[in-house]
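Structure first, commentary second.
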Amino acid sequence: MIISEKMKAAQAIAEALGPVQTISVSKYTKVFHVKSKNIYVIPLRGHIQQYKNSPAYKKWNARDPREIITNPDAIQRIPNDYAGPYISALKKYGKICSLCIIGTDADVEGCSIGMIDALPFVKQVNPSIKIMQIWLNDLQKNSIVQAYNNLIPPKWSWAYSGDARAILDAIIGFSATREVSLTLKPILNKINVRFTSIGRVQTSLLYLLYLREHLIRNFVSKPFWSISADLTIKDRMIVATHVKNNFTDKILAESIYNKIKNAKDAYIMSIKKSSKKILPPTPLNTSKTLVLITKNLKITAKLALKTLEDLYLNKIISYPRTDSDVYSKTYDHLSILQKFLIHNNYGSYVKTRFQQKKIIPRQGKIDAGDHSPITPLISLEPTSSKFENNLQKQVYDLISRSYLALFGDPAEESDTKILFSIEEEEFISRLSVLTEQGFYSIAPFLAKKYDAPLDFFDKLPGAKKTEKSDSTKKSHIGILPVKKINFREKETQPPPRYNDTSLLKLMERKNLGTKSTRPSIIQILIDRSYIERKNRMVFVMELGFLLMDALKVIWLPFLDPKFTSNVEMQLETIRKEKKQMKEVVKEVKDEFLILFDKFRQEKPNFLKKMNVLEQTGNIIRGRNNQIIQNKKGSIPNKTSPNSSKNFKYSNTLCPNCKKNPMKLVINRDYTKKFFVCDSCNTFLSLPKKGTPKILKSKCLICGFDIVKITRKVQNNSYDYYICPKCWNQGLKEKTNEGFCSKCKDFTIENSKCVKRQ
C-alpha cells in the first residue's frame with residue numbers, strides 16, 4: 001500500500017505504476033488499485049488528526065490554563081471529523097498488505113501526515129508491516145517510477161520535527177489564548193468579542209505589524225524643501241536636483257531659489273560613467289517564488305501558494321515546497337530545454353542557448369536536501385487546456401521565464417552621473433541605461449526601471465573655459481537650456497505599510513514560520529480580525545492594536561520574534577537528528593512556562609493599564625492613541641479617526657462651542673477629510689481632492705484657520721487656499737464662498753490672509 005496526501009497525487013502515482021482500477025470507499029474517498037503490481041494507493045485529505053484539549057480541559061474555567069503546559073495529558077491527538085473513511089481504508093488495506101510506502105508530500109509536513117497521522121492506524125491492524133518511503137520531486141511518470149524503484153527508509157526525524165511543531169503550537173496557543181482571554185474577559189464582553197487568539201508565530205508577526213502601525217499612527221511630518229531643474233536635450237527633458245536636497249532650512253532654500261529661478265543655462269561641469277554586469281537570477285525556492293508571484297501578479301501569498309500546488313498536482317511544475325536553490329549535478333536540464341525549443345514565446349531564446357552551448361544554469365547557495373528548485377516540467381502554450389484558469393497561466397509564465405533566465409547571459413547597465421552648475425549652484429542628474437539585455441530578454445519583470453538611451457553626453461567635446469563675468473571663470477564641457485526651476489515644499493512621510501510581498505520577506509528575515517506556513521499565518525491574522533488587507537496594504541485593526549498595545553507592557557519576551565525564531569531552530573535540530581523530539585519539546589515548554597508565569601506576575605500592572613478601557617468598553621483609537629467611544633460592529637462616527645492617516649488640531653477654537661481646537665481627520669485613502677470638535681461634534685468638511693495643511697494665519701472674516709490645499713495632477717502640483725468655516729457656509733448657502741482666491745476683500749500673501757490693496 002502507498003499512502004498519498006491528496007487525491008490527484010494518489011491517482012498520478014497509481015497511473016504511473018500501471019493500469020488502475022478505482023475503488024470507491026465513500027462519496028469523497030477513493031482507493032486506486034494497480035492490479036499488475038497488487039498495489040493500493042490510498043489518498044488522504046491533508047492532516048487527518050490534530051491536537052486538541054483532552055476532555056478534562058475542554059471547558060475553559062474547569063482547569064488552570066497553566067496545566068496545559070505542565071500536564072502531558074492536557075492535549076491529545078484525535079481524528080478530524082472527516083477522517084472516518086480514510087481511517088477505514090487505512091485499516092482495511094493495512095491488514096492485507098506486507099509493505100506500507102509513505103508517499104505523502106516530501107517535506108516535514110508531509111512526513112508528519114504520513115507517519116504520525118496515518119501510519120498508526122495501519123500499525124494497529126498490522127504491527128509487523130514493513131515501512132518504506134517514496135520521495136517524489138514531481139508527479140511525472142518517469143520520476144514516480146524511478147522513485148518507486150529506489151525507495152528510501154522513512155525520514156522519521158522529519159516526521160518528529162513536524163509533530164513537535166504541532167504539539168508546541170497547541171500547548172502554547174491553547175494555554176496563552178485562555179490566559180489572555182480570561183484576563184481580558186470584562187473588556188471582551190463589552191466589545192462583543194469571545195476571545196483573543198494567541199499563537200507562537202501569529203502573535204510575533206502581529207507584534208511586528210503593530211510596531212509599524214504604531215510608527216505610522218504617531219508619525220509627525222516635518223516640512224522640507226527641494227529644488228530641481230528641468231533641462232532640455234532636443235526633444236527630451238532630464239531633471240537635475242540640487243546637491244543639497246532636501247533642505248530643512250526654508251530661508252536657505254528660498255534664497256537659493258530666488259538666486260537661480262530665472263536662470264537660462266545649465267553648465268555641464270563633469271560626467272562620470274560606470275558600468276556593471278548583472279548576473280542571471282538564482283533558482284527558485286518556495287520563498288523566492290512567493291515573493292516573485294505576489295510582487296508581479298499583485299495577489300495574496302495564500303492564493304500564490306495554492307496556485308503553485310495546483311500546478312504541481314496537474315504535473316506542470318515540480319514540487320513547490322522547497323528551501324533549495326541549487327540543482328544537483330545530474331539534473332536533466334537538457335530534456336526540459338528541448339521541450340521549449342518549439343514554444344511560441346520562449347523558443348527563439350532557447351534556440352540561442354543551444355547555439356551558444358549555454359545549457360548550464362546559474363546556481364544558488366542552499367542545498368537543503370529536500371527537493372530541487374521549482375521548475376517547469378512541460379512546455380505549454382498560453383492556450384493549453386491543461387491550465388484551469390488564467391492565474392495558472394500567469395504563474396507558469398513567471399516560473400518558466402525565471403527558469404530559462406538561469407541559462408541567460410549577464411545583463412549590463414551603464415550609470416551616468418552629470419554635474420551641472422546653474423548660477424554657481426551645483427546640480428546632479430543620474431541616468432541608468434540598460435546597455436545589454438542578456439537574461440532580461442526572457443524575464444523582463446526581473447529588471448528595474450531604466451532610462452531611455454541618450455547618447456548626447458557621449459559626444460561632448462573636451463572642457464573649455466567660458467567667461468561668465470569679469471571675476472569668475474568656469475570650466476565646462478557643454479551647456480543645456482533650463483526649461484524651469486522647481487521649488488517644492490513637501491513633508492516627510494511615515495514608513496510604508498507592509499504588503500504580502502514585503503511581509504513574506506520580513507517573516508523569512510525574522511525566521512517566523514516556514515516557507516509553507518507563512519501565507520496561512522497571514523490569513524489567520526485576517527480571519528481573527530487583527531489585521532485587514534486594503535489595496536494590497538496591511539492595516540492593523542483596532543482589536544489587534546489593543547491587544548499588542550497592552551501585552552507589550554508585560555509580555556515583550558513572548559512577543560519578540562526571537563522566541564519563536566529560537567523554536568524554529570530547535571525544531572530544525574530534530575530534523576537534522578541533532579536532538580531528540582522529547583528533549584526539544586521539554587526545553588521549549590520549560591522556556592514558555594517561564595514566560596507564562598511572568599505574564600501572571602505582571603497581571604496587576606496589566607489590569608491597571610486596561611482599567612480605562614474596561615470602564616469605557618471601547619477599542620477604537622486615534623493616531624495619538626486616544627480612546628474614542630465606539631462599539632464593535634458599528635460604523636465609526638465622524639469623530640473617530642479609526643483609519644486616520646493624519647491627525648492635527650486647528651490653531652483656533654471651535655467656532656461653535658469655543659471650548660477646544662478642532663481635530664483634522666484624514667482617512668487612510670484620503671477620500672474623507674474634515675474638522676471635528678470633540679466637545680460639541682461640530683463638523684466642517686474639506687474638499688475631497690488634495691492634501692490639506694493648517695496655516696498659522698486666521699481668516700480675517702470669521703477668525704478660523706486658513707487651510708492650504710495641495711493638489712497633484714499628473715506630474716504637476718498646485719496650491720489653493722480656503723477658510724473651512726466660510727467654505728462650509730458657502731456650500732450650505734450655495735454661494736461658492738470660502739475660496740480665498742475669490743474673496744473680494746482679502747487675499748493670501750506669503751501664507752497669510754491680508755487685506756487686498
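Laboratory data are not the source of any read-out in this text; all were calculated from the coordinates shown. Quick caveat: nothing in here was measured; it's all calculated off a predicted structure. Here Cβ is always computed from backbone atoms with ideal geometry, including for glycine, and neighbour counts include all displayed protein chains.
Answer rounded, prolate or oblate for region 219-293, using the Cα gyration tensor with square roots of eigenvalues a ≥ b ≥ c: rounded when a/c is under 1.5, else prolate when a/b is larger than b/c, else oblate.
Here region 219-293 falls in the oblate category.
Once the Cα atoms of helix 7-17 and of the chain are each reduced to a long axis, what angle between those two axes, in degrees from 0 to 90 to the nearest 10, is obtained?
50 degrees
Please name which of His242, Leu446, Asn142 has its Cα lying farthest along the dipole of the chain towards the positive end, using unit charges on Cβ (Lys, Arg +1; Asp, Glu -1) and the Cα centre as origin.
Final value for the positive-end residue is His242.
What's the exposure ranking of Met569, Met662, going from fewest to most Cβ atoms within 10 Å?
Fewest to most other Cβ atoms nearby, the residues stand as Met569, Met662.
Longer than 18 Å from Cα to Cα, which of Lys91/Lys123; Lys8/Lys30; Lys648/Lys755; Lys689/Lys744; Lys261/Lys417 are they? Say none if no pair is.
Those over the limit are Lys648/Lys755; Lys689/Lys744; Lys261/Lys417.
Between Asp332 and Lys448, what's the calculated FRET efficiency when r is the beta-carbon distance and R0 is 41 Å? Round to 0.05.
0.80
Rounded if a/c is under 1.5, else prolate if a/b is larger than b/c, else oblate: which is region 286-405, with a ≥ b ≥ c the root eigenvalues of its Cα gyration tensor?
Oblate shape, in that a/c is at least 1.5 and b/c is the bigger or equal ratio.
How much length is gained on full extension from Gln757 to Lys672, taking 0.36 nm per residue of separation minus their Cα-Cα distance?
27.0 nm
Lys91 label point, 7 Å along Cα→Cβ, cut-off 19 Å on backbone N: hits in region 43-82?
43-45, 48-50, 77-82
Met569 to Ser54: FRET efficiency via 1/(1 + (r/R0)^6), r the Cβ-Cβ distance, R0 35 Å, to the nearest 0.05?
It comes out at approximately 0.75.
Given labels modelled 7 Å from the Cα in the Cβ direction, how far is it in nm from Asn38 to Thr747?
Inter-label distance under the simple model: 10.3 nm.
Quick one: work out the % antiparallel among DSSP beta bridges in the chain, nearest 5.
The antiparallel fraction comes to roughly 90 percent.
Note down the nm distance, to one decimal, between modelled labels 7 Å out along Cα→Cβ at Glu602 and at Ile78.
With each label placed 7 Å out from Cα toward Cβ, I get 3.4 nm.
Among Phe558, Thr29, Gln338, which residue has its Cα positioned farthest towards the positive end of the charge dipole of the chain, with +1 placed on the Cβ of Lys and Arg, -1 on the Cβ of Asp and Glu, and the dipole taken about the Cα centre?
Positive-end residue among those listed: Phe558.
Please get the size of the charge dipole for region 286-405, origin at its Cα centre, with Cβ charges of +1 on Lys and Arg and -1 on Asp and Glu, quoted in debye to the nearest 20.
Using only the charged Cβ atoms, the result is roughly 400 debye.
Taking Cα atoms, how many degrees apart are the long axis of helix 301-313 and the longest axis of the chain, rounded to 10 and kept between 0 and 90?
Approximately 40 degrees, to the nearest 10.
If one computes the Cα centroid of region 74-98 and of region 379-404, what distance in Å separates the two points?
Here the two parts' Cα centres lie 37 Å apart.
Per 0.36 nm of contour for each residue apart, how much would the distance between Phe456 and Glu424 grow if the chain were fully extended, relative to their Cα-Cα spacing?
Working it through step by step, the gained length comes to 9.2 nm.
How large is the charge dipole for the chain, taken about the Cα centre, if only the Cβ atoms of Lys, Arg (+1) and Asp, Glu (-1) carry charge, to the nearest 20 debye?
The calculated dipole for the chain is roughly 1900 debye.
Hey, which of these cross-link pairs are over 24 Å Cα-Cα: Lys306/Lys351; Lys534/Lys693; Lys37/Lys339; Lys92/Lys582; Lys58/Lys589?
Lys306/Lys351; Lys534/Lys693; Lys37/Lys339; Lys92/Lys582
Could you work out how much longer the chain between Asn535 and Ser520 gets when fully extended? Use 0.36 nm per residue separation minus the Cα distance between them, nm to one decimal.
Roughly 3.5 nm would be gained on extension.
Only helical DSSP H runs with n ≥ 4 go in: add -39500 (n - 2.57) per run for the chain, normalise by residue count and round the 222 nm mean residue ellipticity to 500 deg cm²/dmol.
Calculated mean residue ellipticity at 222 nm is -10500 deg cm²/dmol.
Nearest 10 degrees, 0 to 90: what angle lies between the long axis of helix 156-183 and the longest principal axis of the chain (Cα atoms)?
In the chain, helix 156-183 runs at an angle near 60 degrees to the longest axis.
Which Rg and Dmax, in Å, describe the Cα atoms of the chain?
That works out to 32.8, 106 Å for Rg and Dmax.
Which residue, Thr435, Ile485, Ile418, has the largest displacement toward the positive end of the dipole of the chain when charges sit on each Cβ (Lys, Arg +1; Asp, Glu -1)?
Projecting each Cα onto the dipole axis, the largest value belongs to Ile485.
Set the Förster radius R0 to 51 Å, insert the Cβ-Cβ distance between Ile378 and Asn189 as r into 1/(1 + (r/R0)^6), and round the FRET efficiency to 0.05.
0.35
Restricting attention to region 45-123, which trypsin sites (Lys or Arg not before Pro) occupy a DSSP loop and are surrounded by at most 13 other Cβ atoms within 10 Å?
Lys58, Lys59
Cβ under 13 Å from Gly84's Cβ, Gly84 left aside: what net charge do those residues give with Lys, Arg +1 and Asp, Glu -1?
Neighbourhood net charge equals +3.
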